[in-house]
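Since the structure comes first, as structure tokens, the remarks are kept for the end.
The values are calculated or read from the model by the stated rules, or taken from the named source; none is laboratory data. Model, not experiment: these values are computed from the prediction. Using ideal geometry, Cβ is built from the backbone for each residue, glycine included, and neighbour counts are taken over all protein chains shown. Surface areas here come from the heavy atoms of the whole protein model, side chains and all, with no ligands, DNA or RNA. Shrake-Rupley method; radii C 1.70, N 1.55, O 1.52, S 1.80 Å.
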Amino acid sequence: MAKRKIGILTSGGDCPGLNATIRAVMLAGVREFGGDGVEFTGIYDGFHGLVHNECKMIESGDSEGLLRLLTQGGTFLGTKRTPHKKMEVVEEDGIDKVAAMKKTYSDLGLDCLLVLGGNGSHKTANLLSQKGLNVVGLPKTIDNDIWGSDVTFGFHTALEIGTEALDRIHTTACSHKRAIVVEIMGNKAGWLALYTGIAGGSDAILLPEIPYNCDKLLQFARKRADAGAPYSIIVVSEGALDDREVLLKKKELKKARMEAGVVNTTAKIVKMLEEEAGIETRSFVPGHMLRGGTPSAKDRLLSTQFGVRAFELIKSEKYGYTVAKKGDTIIENRLEDMAGKKRLVEADDEMVKVARSIGISFGDS
């Protein structure tokens, strides 16, 4: 049997679990075909590396090195954000990116390309699949917004980090009797803010999917203060908007914020609580801390499950799919069915109902 040649790249934002997933694919491959029966090529910096043929064979026999990948955050292959909308656009460098990626794939003699990425990466993975390449996808994102999968690796680690941050914020908020607005990553999908807010005991959660009303949020904050609450914690997903802002186009929103003297929703909420409710307020942004560090045990398990299923797809030559999880079962979805779609928080989601039941406000009632 001819040696299987598998190319691997990580694209988009980094997150814990990328290296652990690659490790699982490699261990499953070597166990199935032996060290001489499978070859793994690491492609550096995502699709950029595929365009420019920047790659190197990964040593699959280094057991100690593979073990380190289980606990190592980030991605040892490096990553870049390469917008899908520019993939078929020839820019100033004159490079036809799709043609260049196909050439690299052919020059390397690959049997399959494994793409670890989020929504944008999966759109490009689907594009390459439609152009004739054998592609298998793996869903990674701390936003947890990949359509067709209940969870993505990276999410649980980010949730743990965000929750610990809120645990620490509670003590300083209580000591100084302040409101603190905590901004959590999530531009279009609010899963991370929703789960972090509930797990971290927040008083309000603002999500991109549920526009808040400024007056109602102010009423909620005043009511807590009048009732003697010593402090408030408000978790804000970075893409949250109020019910007037959602009607604005991007340029109009930017102009409105400039006129109001704020740069984003977090700054707007801080200013509003201080100036209109008379509540001393501070903000805290964990930012890229949410992406970094060692993957949690749960993400290591999920990454291993996903990596093994990805190799099973490669082994059976079932290409054009991405791995997913539904309930307790690891499945796969067709790239063409899920690429370009997002899994968003619904207003009647069970966790939204849970949050409302324990008195958490979404600023809309």
Can you report the number of residues in the range 175-229 which are touching a Leu at 6+ places or on another chain (Cβ under 6 Å) and at positive phi?
1
Subset of the range 311-365 (residues that are outside any strand (DSSP E or B), polar (S, T, N, Q) and within 20 Å of Val115 (Cα to Cα)):
Ser316
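Yes/no matrix, rows are residues, columns are (1) farther than 17 Å from Ile146 by Cα; (2) in contact with a strand residue (DSSP E or B) (Cβ under 6 Å, 6 or more places away or on another chain); (3) among the aromatic types (Phe, Trp, Tyr):
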{"position": "Met272", "(1), (2), (3)": "yes, no, no"}
{"position": "Ile279", "(1), (2), (3)": "yes, yes, no"}
{"position": "Asp299", "(1), (2), (3)": "no, yes, no"}
{"position": "Lys342", "(1), (2), (3)": "no, no, no"}
{"position": "Arg356", "(1), (2), (3)": "yes, no, no"}
Which condition from (1) touching a residue at least 60 places away in the same chain (Cβ under 8 Å); (2) in a loop (DSSP other than H, G, I, E, B); (3) open to solvent by 40 Å² or more (accessible area, probe 1.4 Å) is the one that Lys216 breaks?
(2)
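Scan the range 99-111 for residues that are surrounded by 14 or more Cβ atoms within 10 Å (Cβ to Cβ) and touching a strand residue (DSSP E or B) at 6+ places or on another chain (Cβ under 7 Å) and jot them down.
Tyr105, Leu108, Leu110, Asp111
Per-residue answers, yes or no, for (1) touching a Leu at 6+ places or on another chain (Cβ under 9 Å); (2) within 28 Å of Leu290 (Cβ to Cβ):
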| position | (1), (2) |
| --- | --- |
| Ile6 | yes, no |
| Leu18 | yes, yes |
| Ser60 | yes, no |
| Arg68 | no, yes |
| Thr79 | yes, yes |
| Glu88 | yes, no |
Is it the case that some residue within the range 8-22 is of a type in the set (Ser, Thr, Tyr) and surrounded by fewer than 24 Cβ atoms within 10 Å (Cβ to Cβ)?
no
In the range 1-26, what residues are assigned to a helix (DSSP H, G or I) and touching a helix residue (DSSP H, G or I) at 6+ places or on another chain (Cβ under 6 Å)?
Asn19, Ala20, Thr21, Arg23, Ala24, Val25
Screening Asp96, Asp62 for residues that are open to solvent by 60 Å² or more (accessible area, probe 1.4 Å) and more than 30 Å from Ala297 (Cα to Cα) leaves only Asp96
Restricting attention to the range 179-202, the residues that are touching a helix residue (DSSP H, G or I) at 6+ places or on another chain (Cβ under 7 Å), part of a loop (DSSP other than H, G, I, E, B) and within 27 Å of Arg300 (Cα to Cα) number exactly 4
Do you know which residues across the range 267-292 are more than 20 Å from Glu238 (Cβ to Cβ) and either surrounded by 16 or more Cβ atoms within 10 Å (Cβ to Cβ) or without any contact (Cβ under 8 Å) to a residue 12 or more places away in the chain (or both)?
Glu274, Glu275, Ala277, Gly278, Ile279
Report, by residue number, each residue of the range 131-178 that is more than 16 Å from Val115 (Cβ to Cβ), modelled with pLDDT of 95 or more and assigned to a loop (DSSP other than H, G, I, E, B).
Ile142, Asp143, Asn144, Asp145, Asp150, Val151
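Of everything in the range 27-53 that's of a type in the set (D, E, K, R), over 14 Å from Ser11 (Cα atoms) and outside any helix (DSSP H, G or I), which residue is farthest from the chain's Cα centre (by Cα)?
Among those residues, the one meeting the criterion is Asp36.
So for the range 252-264 (the condition being within 19 Å of Ser202 (Cα to Cα), in contact (Cβ under 8 Å) with a residue 40 or more places away in the chain and open to solvent by 20 Å² or more (accessible area, probe 1.4 Å)), does at least one residue qualify?
Looking for residues that are within 19 Å of Ser202 (Cα to Cα), in contact (Cβ under 8 Å) with a residue 40 or more places away in the chain and open to solvent by 20 Å² or more (accessible area, probe 1.4 Å), one finds none in the range 252-264, hence no.
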Which of the residues that make up the range 65-93 are open to solvent by 70 Å² or more (accessible area, probe 1.4 Å) and part of a helix (DSSP H, G or I)?
Leu67, Arg68, Lys85, Lys86
Subset of the range 329-365 (residues that are open to solvent by 70 Å² or more (accessible area, probe 1.4 Å), in contact (Cβ under 8 Å) with a residue 12 or more places away in the chain and polar (S, T, N, Q))
Ser365
Does the range 112-132 contain any residue that is without any contact (Cβ under 8 Å) to a residue 24 or more places away in the chain and either open to solvent by less than 50 Å² (accessible area, probe 1.4 Å) or more than 13 Å from Gly49 (Cα to Cα) (or both)?
no
Could you list all residues from the range 16-42 that are touching a residue at least 40 places away in the same chain (Cβ under 8 Å) and more than 20 Å from Ala297 (Cα to Cα)?
Gly29, Glu32, Thr41
